[in-house]
Each structure stands twice: as structure tokens, then as C-alpha cells.
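Enquirer: Below you'll find the structure I mean.
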Amino acid sequence: MTAPDKTLMALLFTLAVVLVTSLLFGFAPALTIQSLGEGRKRLALLVIAIGLCTSGLPLIILDPPVQNRTGWSALDIASNVYQGNLPVAKGHFDEGLIEIALIYLLMPVALMAIYLPGPPKALKAISGIGFVLSSLAKFWRFGFLETFGWEYWGPGHLRSGPAWWILPWIMPALLAICFAKNIDT
């Protein structure tokens with residue numbers, strides 16, 4: 001499959017998950033009777049804060065360094081690709097970078113959804129979408145190898161940074177918090 005085909009498939013899959021999530025949580029009031037209590041709100045805030053802190057942590061570690069830098073955060077990669085500063089002519093935005101950006105964009109939206117009155121339907125939908133995006137993290141390595149040039153780096157010169165290990169767990173943790181009603185008692 002080509003890159004546009006993969007992107008279209010990912011978008012269709014995400015749309016299907018959003019539709020199923022909204023139908024499930026919109027028409028099943030028995031699952032969403034309780035609003036978020038203080039315990040779940042605090043835990044969700046902690047999870048979102050940890051997720052937002054990963055924006056400054058290295059997502060990938062390159063050996064040898066590129067532009068005198070070994071650790072590259074998601075923001076560093078996105079800004080350098082946008083500015084054309086990467087030393088590889090094939091450097092481009094790929095699905096992995098878009099998925100990571102969407103996860104980071106969902107975190108502030110989830111933060112607002114925590115304080116909505118009533119059942120946590122919005123937070124469940126947001127974290128459900130983020131869960132789908134996070135499940136695609138196993139393919140990020142291939143995207144980064146494309147972004148930095150597979151021929152130059154090869155598979156052994158790119159390692160996962162701390163953000164790579166933390167970021168995919170933020171949205172699943174928020175989804176679990178939505179269902180963990182016993183935290184409030």
C-alpha cells in the first residue's frame with residue numbers, strides 16, 4: 001500500500017471507532033451513570049500532565065547525532081521537518097508524526113472534558129480516539145526511519161526515547177480511568 005492509502009485506511013478506521021464509541025456511550029446510559037469523582041479527576045489530571053511533559057522528552061535517539069543532537073523530541077522533529085533542516089532530502093511528515101500530533105492535541109481537549117458536568121461521555125470518546133491512535137505506535141519506527149532516511153540510518157541507529165515509551169500509554173490510561181469508578185470511593 002502507498003502512503004496515501006495507509007493514511008486513508010487510518011482515517012477510515014478512526015472514523016469507525018469514533019462512530020462506534022459515540023453510539024456505544026451515547027445510547028448506553030447504564031454505562032455512564034456516574035460523573036467523574038474527585039479521585040478520578042485528580043488521577044486524570046496527573047496522567048494528562050505526564051503526557052504533556054513528554055513533549056520535551058526525546059522521542060527518538062539517533063546515533064550518530066544529527067545537527068549535534070542525539071535526542072529528538074516530537075516538537076524538534078516536526079519543526080525541523082517543517083523548516084527543511086533535516087539533512088535528508090526525503091524528510092517529510094508521515095502518518096506517525098501526524099498520529100503523535102493528534103495525541104498531543106487530544107490531551108488539552110481531554111483536560112477540558114474532565115470538568116464537563118455529568119457523565120464522562122466526552123472524555124470516553126476522546127480517550128477512545130486517542131487509544132486507537134496510540135495503538136498505531138508500533139509503526140512509528142518505520143515512519144521515523146523514512147523521515148530521517150532509511151538508507152543513511154538503517155534500523156540499528158535509531159532507538160526509542162523515553163517519550164516513545166510513555167506517550168502511547170496516556171490515552172489508554174485515561175480510558176481506564178473513565179471506567180474505574182472504584183477510584184472515587
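Enquirer: Does Leu36 satisfy being touching a helix residue (DSSP H, G or I) at 6+ places or on another chain (Cβ under 8 Å) and at pLDDT 90 or above?
Expert: Values: touching a helix residue (DSSP H, G or I) at 6+ places or on another chain (Cβ under 8 Å): yes; at pLDDT 90 or above: no.
Considered against the rule, which asks whether it is touching a helix residue (DSSP H, G or I) at 6+ places or on another chain (Cβ under 8 Å) and at pLDDT 90 or above, Leu36 comes out as no.
Enquirer: Take Val47 and decide whether it is modelled with pLDDT under 85 and surrounded by 16 or more Cβ atoms within 10 Å (Cβ to Cβ).
Expert: Criteria not met by Val47.
Enquirer: Is it the case, given these coordinates, that Trp72 is of a type in the set (Phe, Trp, Tyr) and at pLDDT 85 or above? Spell out the reasoning first.
Expert: Numbers: of a type in the set (Phe, Trp, Tyr): yes; at pLDDT 85 or above: yes.
Yes.
Enquirer: Now for a different question. Considering only helices (runs of 4 or more DSSP H) fully contained in the stretch 99-185, which possess at least 1 residues that are touching a strand residue (DSSP E or B) at 6+ places or on another chain (Cβ under 9 Å), surrounded by fewer than 17 Cβ atoms within 10 Å (Cβ to Cβ) and modelled with pLDDT under 90? Explain how you work it out, then say what you get.
Expert: On the way: elements: 121-135, 140-148, 150-153, 162-166, 170-179.
In the stretch 99-185, 140-148 are the helices (runs of 4 or more DSSP H) which contain 1 or more residues that are touching a strand residue (DSSP E or B) at 6+ places or on another chain (Cβ under 9 Å), surrounded by fewer than 17 Cβ atoms within 10 Å (Cβ to Cβ) and modelled with pLDDT under 90.
The values are calculated or read from the model by the stated rules, or taken from the named source; none is laboratory data. Everything numeric in this text was worked out from a predicted model, so none of it was measured. Cβ sites come from the backbone with ideal geometry, for glycine too, and all protein chains shown count toward neighbours.
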